[in-house]
Amino acid sequence: SENVTEEFTLYLKSKEAEKKRNALENIRTLSYAYINFYIEHPTYYSFMYRNTYIKIEFTRKKGGKLPPYNVFREQYGRLAEEIGISFEESLTRLTRLWALLHGLTAFLISDNVQWNNEWQSCLEKEFN
């Protein structure tokens, strides 16, 4: 599990834009990277989310045991500073995006789901 988590974290960080770009653009880049990673490695998806070692903290408490989530969380902390929202609001937005990414990915890697919509347009609505 640590190898998959590390590989996913390194993949996200390799796709992350330079820190000079605004947080929202970095979050958009990371969101596409999240979905594309699991499209490329669909078996990792169920492995990551069915593993009892992995814990995500959608609270004020720092992080949890999922470094890929912490990459997103860092950017949402920057977003809060950049646009003047509370830390709690940034966590709410992160939770909403994480659920969207998780759900879209589940649809895309499942042979049992038929979906005519393009995931990119669905995801872009989160940023417009």
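As a size descriptor, the averaged projected area of the C-alpha convex hull of the range 66-121 was calculated at 4.8 nm². When each of the peptides 26-33, 108-115 is scored by the mean number of other C-beta atoms lying within 10 Å of its residues, the order from highest to lowest reads 26-33, 108-115.
Values in this text are rule-based calculations from the coordinates and carry no lab data. What you see is a predicted model, and the numbers here were worked out from it, not measured in a lab. Heads up, the Cβs are rebuilt from the backbone with ideal geometry, glycines too, and the neighbour counts pull from every protein chain shown.
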